[in-house]
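Visitor: I'd like to ask some things about the structure below.
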Amino acid sequence: EFITVQELANRMAARGAEVVKTLMKLGVMVTITQSIDADTAELVVEEFGHKLRRVSASDVEIGMRGADDDATDLKSRPPVVTVMGHVDHGKTSLLDALRQSDVVAGEAGGITQHIGAYQVRLASGERITFIDTPGHAAFTEMRSRGADVTDIVVLVVAADDGIKEQTVEAINHAKAAQVPIIVAINKIDKPGADSSRVKQELLQHELIVEDLGGDLLAIEVSATEKTNLDKLEEAILLQAELLELKANPERAAEGVIVEAKLERGRGSVATVLVQRGTLRVGDIFVAGGEWGRVRALTNERGEQLKEAGPATPVEVLGLNGTPLAGDDFTVMDNESRAREIAEYRQQTRRETEITSTGRGTLEEMMSRIKEGEASELPVVVKSDVHGSMEAIVNSLEKLGNEEVKVRVLHSGVGGINESDVTLANSTGAVIIAFNVRANPQARQLARRDGVDIRYYSIIYNVVDDAKAALSGMLAPKQ
Ligand code: GDP
């Protein structure tokens, strides 16, 4: 038993009778009040041309995304880049410098508005889209809502400072999201700059640059002197080429909310990154739990647009409410359907806020893996000293077998911070706190998102709990 036909119909904003008919076609004879299992639901959802996302064993969210595109309709699109790195290593300076590298900037007036993302046009005619919020908070916040917008992470490391705590966090966020990294070794104009040291330090995180025999692209830059920015852009385009980024521009637009706010005199304003299709003035859309009709499209140069294609960030006017960063954005056929879906989503959001038990608790993970739905126990380990952190990570990595194992997504010395919680939330990981506490913001975030923080002061207990969780997962021996 899993979901009633009526419920499934509601979630797709389809008629119950239509769903029953589809089920009959699939050879499943049920009435509207009966329940069907997740696999059957998935078939139905696909028949309706939607994508199904299993939030947990007992809950699914029907994405409003349309069916996949035919390969022949796909056209290359610009890459979407997020800049991450340690505080003060020059993320903001680099984003500012790259913004000014836009070739059209001189003529038509450059990028003047902050809308959460901007696109740079290069002399070659190629384009790169940058998410204009540096750091990994925005990155994981979006990911925790299921939005994978970033194609490439540019990791900024100051050449005079080397790899620091937040650099490691950023590396692990990018790895968890399986997004390729390009390293920008910044501040090479400074007297103490030592880029070979940076390259050596990267090795400890399995990031091997080209001159050391690996395939990681690392570019030495200076954001303030504007040195080698063209090389960095070339590296991004090279990486993008390897990724073969494509989208179908000839369809109703789908995208993600990058930023949204309520503005005096303008109402709700949202920046949408179009991921496929073309968004046009007049389009009716759903954005998370809100809907609307596009009244105006404005780009980062303050220009009014009639339409925006794939990988284009654009500010949208005409929302009936303010969605959240990371919410999906989908153009719909008609207003009543858009309204229906938005209302349904608002209602379920309220319900999940009330009943949220968290999907990342150790118990939940154990039962998921027992059911064969997961084969890893993802963890984030924070400890008071380096020695105990290493001891814990080493012991955890030794547990399990080929079928199930512990995966340490991130480990570090220090208290639990917001970055740890967002990483855990976006990956379903459990946080292991060894002789450390969580700061108030992290604690609040963990409570809101239902992230499990486990406090320990004896290594044996950490290993024992992990072992118990894994043994619950282990497939029965014959
Ligand atoms: P963020 O915290 O990573 O966004 O770093 P910022 O961009 O705010 O830069 C922190 C400081 O480093 C600022 O004072 C910048 O002027 C300086 N900075 C950034 N890039 C460079 C660079 O390439 N060379 C030098 N000398 N200073 C830089």
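The numbers here are math on the coordinates, done by the rules we state, and not lab data. Note that the structure is a prediction, hence the values are computed from the model and not measured. In this analysis, Cβ positions are derived from the backbone assuming ideal geometry, glycine residues included, and neighbour counts consider all displayed protein chains.
Visitor: With 29 Å as the limit, write out which pairs from 75/175; 91/467; 175/246 have Cα-Cα distances beyond it, or answer none. Please list the in-between numbers first.
Guide: Numbers: 75/175 27 Å; 91/467 40 Å; 175/246 22 Å.
Flagged as over cut-off: 91/467.
Visitor: So for the pair residue 211, residue 100, with labels modelled 7 Å out along Cα→Cβ, what separation do we get in nm?
Guide: In this crude spin-label approximation the distance works out to 2.7 nm.
Visitor: Now for a different question. Can you give the % of DSSP beta bridges in the chain that are antiparallel, to the nearest 5?
Guide: Percent antiparallel among DSSP bridges in the chain is about 55.
Visitor: Sort 237, 207 so that the residue with the fewest other Cβ atoms within 10 Å of its own Cβ comes first and the one with the most comes last.
Guide: 237, 207
Visitor: Out of 142, 198, 168, whose Cα points farthest toward the positive end of the dipole of region 124-234 (charges: +1 Lys, Arg; -1 Asp, Glu; placed on Cβ)?
Guide: Farthest along the dipole direction, towards plus: 142.
Visitor: About the Cα centre of the chain, how large is the charge dipole given +1 on each Lys and Arg Cβ and -1 on each Asp and Glu Cβ? Please answer in debye to the nearest 20. Could you put the intermediate results ahead of the total?
Guide: Values: 54 positive and 75 negative charges, 208 e Å.
Here the size comes out at about 1000 debye.
Visitor: How would you order 463-469, 130-136 from highest to lowest mean count of nearby Cβ atoms within 10 Å?
Guide: Ranking, from highest mean packing down: 130-136, 463-469.
Visitor: Under 18 Å from the Cα of residue 398, which aspartates and glutamates turn up, not counting those fewer than eight places away in the same chain?
Guide: 376, 390, 464, 465
Visitor: Which length gain, in nm to one decimal place, applies between residue 460 and residue 201 when the Cα-Cα distance is subtracted from 0.36 nm times their residue separation? Before the final figure, lay out each step's value.
Guide: Values: separation 259, 0.36 × 259 = 93.24 nm, distance 3.07 nm.
Taking 0.36 nm per residue and subtracting the Cα distance, the gain is 90.2 nm.
Visitor: For region 387-462, rounded, prolate or oblate, judged on the Cα gyration tensor with a ≥ b ≥ c (square roots of eigenvalues), a/c < 1.5 rounded, else prolate if a/b > b/c?
Guide: Working: a/c = 2.22, a/b = 1.39, b/c = 1.59.
In terms of gyration-tensor shape, oblate.
Visitor: Counting Lys and Arg as +1 and Asp and Glu as -1, each charge on the Cβ, what is the dipole of region 210-263 about the Cα centre in debye, to the nearest 20?
Guide: The calculated dipole for region 210-263 is roughly 260 debye.
Visitor: Multiply the residue separation of residue 76 and residue 178 by 0.36 nm, subtract the distance between their alpha-carbon atoms, and state the gained length in nm to one decimal.
Guide: 34.7 nm
Visitor: Report the one residue of 413, 133, 287 whose Cα lies farthest in the direction of the positive end of the charge dipole of the chain (charges on C-beta: Lys and Arg +1, Asp and Glu -1; origin at the Cα centre).
Guide: Farthest towards the positive pole: 287.
Visitor: Would you please put 241-252, 445-456 in order of how densely packed they are, using the mean number of other Cβ atoms within 10 angstrom per residue and starting with the highest?
Guide: The densest-packed peptide leads the list: 445-456, 241-252.
Visitor: Let me ask something additional. Grab the other residues whose beta carbon is less than 15 angstrom from that of residue 24, score K and R as +1, D and E as -1, and report the net.
Guide: Local net charge: +1.
Visitor: What is region 144-190's relative contact order, in percent, from Cα pairs under 8 angstrom and six or more apart in sequence?
Guide: Values: 48 pairs, mean separation 24.6, N = 47.
Relative contact order of region 144-190: 52 percent.
Visitor: Right, something else. How large is the dipole of region 81-239 about the Cα centre if only Lys and Arg carry +1 and Asp and Glu carry -1, each at its Cβ, rounded to the nearest 20 debye?
Guide: Computed charge dipole of region 81-239: roughly 300 debye.
Visitor: Run down the lysines and flag those whose C-alpha is under 23 Å from the C-alpha of residue 25, throwing out any fewer than 8 positions away in its chain.
Guide: Within the straight-line cut-off, residue 25 pairs with 51.
Visitor: On to the next question. Mind ordering 174-183, 256-265 by average Cβ neighbours within 10 Å, highest first?
Guide: The packing order, highest mean first, is 174-183, 256-265.
Visitor: Which whole-number value in Å³ per residue fits the convex hull of the alpha carbons of the chain? Could you put the intermediate results ahead of the total?
Guide: Numbers: hull volume 82.9 nm³, N = 478.
Looking at the chain, the number lands at 173 Å³ per residue.
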